[in-house]
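S.K.: Quick one: the structure is below, questions incoming.
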Amino acid sequence: MFMIDPASLSPKDVYKFLIGSILPRPIAFVTSIGKGNALNGAPFSFFNIVSSDPPILSIAIQRKNYIQKDTARNISLNKEFVVHICDQENIEKINETAASLPSNQSEIEYAHMQKAKSAQISTPGITEAKIRIECKLEHLITITNDEGKPTCDLILGRAVCFHIQEKLYKDGKIEVEQLKPVARLAGDNYSKLGEMFSIKRPN
């Protein structure tokens, strides 16, 4: 087994190792209100569930040159956001929103997406997602490197409202084959759901 000390690698090489190892990763498409009331949208694959009671989601937003990204800044200011699950039908448009745009320009308009009004918060979502989750900010934790410089904003959001297409939700369960979620790999690569198998958990 080849052993690597992360301290011996550059931050870029550590990043490459992690995204090539920890996969597939679910993708959160996050909308937030930015400058000039623009509806910003961006995808993040450092995303997962933290807790179901209360319902808490985590999104880690990496900084570039130690500068906070628009989504993290918007959430810090407005204390709310919407998480959307990426699927095979919306991933092309969502990929368009990864373009570098001014903070006062809406990625939603840029990618020709349609706004969806939220029920519990003021930040809209998008209609192109089969599942969207309205969230309020629970905690924002700034991660710093060994030099004390900020490199990441860890967002913990409390889910306050779920939206899901009716055909996906049966007997309290989600029809994952209908959802067709898309996951992130490394580089420009993504993965579909693929073959599923079951293993019975021990008592």
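S.K.: Kindly provide the set of residues from segment 55-73 that are in contact (Cβ under 8 Å) with a residue 60 or more places away in the chain and open to solvent by 40 Å² or more (accessible area, probe 1.4 Å), ordered by number.
M.R.: Within segment 55-73, Pro55, Gln62, Arg63, Tyr66, Gln68, Lys69 qualify.
Each row is one residue, and each column tells you yes or no for (1) over 17 Å from the mean Cα position of the chain (by Cα); (2) touching a residue at least 40 places away in the same chain (Cβ under 8 Å).
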residue: Val83; (1), (2): no, yes
residue: Asp87; (1), (2): no, yes
residue: Ala99; (1), (2): no, no
residue: Gln114; (1), (2): yes, no
residue: Lys117; (1), (2): yes, no
residue: Pro124; (1), (2): no, yes
residue: Glu147; (1), (2): yes, no
residue: Gly157; (1), (2): no, yes
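S.K.: Taking segment 74-108 as the search range and keeping residues that are more than 25 Å from Leu185 (Cα to Cα) and modelled with pLDDT under 95, which one is surrounded by the most Cβ atoms within 10 Å (Cβ to Cβ)?
M.R.: Ser106
S.K.: Here's a follow-up. Hey, among Thr144, Thr123, Thr151, which residue is open to solvent by 60 Å² or more (accessible area, probe 1.4 Å) and in contact with a Ser or Thr (Cβ under 8 Å, 6 or more places away or on another chain)?
M.R.: It is Thr144.
S.K.: Somewhere in segment 11-28, is a residue of a type in the set (S, T, N, Q) and within 22 Å of Gln68 (Cα to Cα)?
M.R.: The answer is no, given that none of the residues of segment 11-28 is of a type in the set (S, T, N, Q) and within 22 Å of Gln68 (Cα to Cα).
Okay, residues lined up against (1) in contact with a Cys (Cβ under 9 Å, 6 or more places away or on another chain); (2) under 20 Å from Ile174 (Cβ atoms); (3) in a strand (DSSP E or B):
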site	(1), (2), (3)
Asn48	no, yes, yes
Thr71	no, no, no
Leu77	no, no, no
Phe81	yes, no, yes
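S.K.: Examine segment 85-99 for a residue that is assigned to a strand (DSSP E or B) and under 30 Å from Asp53 (Cβ atoms), and state whether such a residue exists.
M.R.: yes
S.K.: Report every pair of residues separated by at least 6 positions or lying on different chains whose Cβ atoms are under 6 Å apart, first residue within segment 175-203 and touching a residue at least 24 places away in the same chain (Cβ under 8 Å) and surrounded by 10 or more Cβ atoms within 10 Å (Cβ to Cβ), second part of a loop (DSSP other than H, G, I, E, B) and among the charged types (D, E, K, R).
M.R.: So the pair list comes out as Leu179/Lys130.
S.K.: What residue, among those in segment 126-141 that are outside any loop (DSSP other than H, G, I, E, B), of a type in the set (A, V, I, L, M) and in contact with a His (Cβ under 8 Å, 6 or more places away or on another chain), is surrounded by the fewest Cβ atoms within 10 Å (Cβ to Cβ)?
M.R.: The residue in question is Ile131.
The values are calculated or read from the model by the stated rules, or taken from the named source; none is laboratory data. On a predicted model such as this, the values are computed, not experimentally measured, just so you know. Because the Cβ atoms are built from the backbone with ideal geometry, glycine has one as well, and the counts that use them run over all protein chains shown. Heavy atoms of the whole protein, side chains included, go into the accessibility calculation; ligands, DNA and RNA do not. Shrake-Rupley method; radii C 1.70, N 1.55, O 1.52, S 1.80 Å.
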